[in-house]
Amino acid sequence: MALNAAHTETYDVSAAKAWKMIGAWSAPYITAANSPAAIKDLKGDVVGATRLVYMLDGSAQWNEEIVEYDAAGMSWTYIATSDLPVPFNVFNRDTFRCTMSVKEIGADQCEITIGCVYDLIEGTDPATVPPLATSAAASRRECARSRSVGPESAAKRRAESKNISPSAQLV
């Protein structure tokens, strides 16, 4: 039974500017200031591209690969190609797919979505699954602050968010 999680936020920035950041396989929005992980060993930047994600404290690492890339449609999807570390080892890596996308909703406004589809390892209680979409959204918000992808002021930013519990929606 496949599950999914997604998070969407609206930013007051052009879709093209947001895609320049979000569409980069090197993930410049992931920094030591907003994430316990970093990226290295980048090879390519479209379908077939790979990277190694590692924990800054040396506790874990895993590999990822782009399996879909659509620059015109401003989206890309990746899979894990090695075992995932705790607490993400509850996901069946053979079915885990994560998609990042940017959608223009106005001249200087866009929606950025991160979503994933996955199966849990047999016997995993869905209530114990780590919050995938909210973790990724926090990194994206830091990206907005550090790279001016969108203002963080609540008065200036109209945010629409959708945070689906991993056990709440079946695909």
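Within the range 74-83, the set of residues being open to solvent by 40 Å² or more (accessible area, probe 1.4 Å) and of a type outside the set (Val, Ile, Thr) comprises Asp83 only. Among the listed residues Lys20, Lys43, identify the single one that is in contact with a Ser or Thr (Cβ under 7 Å, 6 or more places away or on another chain) and either modelled with pLDDT under 95 or open to solvent by 60 Å² or more (accessible area, probe 1.4 Å) (or both). Matching residue, one of Lys20, Lys43: Lys43.
Within the range 80-113, the set of residues being touching a strand residue (DSSP E or B) at 6+ places or on another chain (Cβ under 9 Å), aliphatic (A, V, I, L, M) and more than 19 Å from Val47 (Cβ to Cβ) comprises Leu84, Val90, Ile105, Ile112. Scanning the range 65-92 for residues that are touching a residue at least 24 places away in the same chain (Cβ under 8 Å) and among the charged types (D, E, K, R) turns up just one, Glu68.
Quick one: would you say Ala80 is closer than 18 Å to Pro130 by Cα and hydrophobic (A, V, I, L, M, F, W, C)? It would help to see each step written out before you state the result.
Numbers: closer than 18 Å to Pro130 by Cα: yes; hydrophobic (A, V, I, L, M, F, W, C): yes.
When the stated conditions are applied, Ala80 passes them.
Among the conditions (1) open to solvent by 40 Å² or more (accessible area, probe 1.4 Å); (2) farther than 14 Å from Cys116 by Cβ, the only one that Ala49 does not satisfy is (1).
Going by the structure shown, is Ala60 small (Gly, Ala, Ser), surrounded by 16 or more Cβ atoms within 10 Å (Cβ to Cβ) and farther than 30 Å from Ser14 by Cα? Even if it seems obvious, please write down each step before you answer.
Values: small (Gly, Ala, Ser): yes; surrounded by 16 or more Cβ atoms within 10 Å (Cβ to Cβ): yes; farther than 30 Å from Ser14 by Cα: yes.
Against the criterion (small (Gly, Ala, Ser), surrounded by 16 or more Cβ atoms within 10 Å (Cβ to Cβ) and farther than 30 Å from Ser14 by Cα), Ala60 qualifies.
Apart from one condition, Ala16 fits all of (1) part of a loop (DSSP other than H, G, I, E, B); (2) farther than 16 Å from Val117 by Cα; (3) not hydroxyl-bearing (Ser, Thr, Tyr); the exception is (1).
The values are calculated or read from the model by the stated rules, or taken from the named source; none is laboratory data. On a predicted model such as this, the values are computed, not experimentally measured, just so you know. Quick reminder, even Gly has a Cβ in these numbers, built from the backbone with ideal geometry, and neighbours come from all protein chains shown. SASA here: full protein model, heavy atoms, side chains in, ligands and nucleic acids out. Shrake-Rupley method; radii C 1.70, N 1.55, O 1.52, S 1.80 Å.
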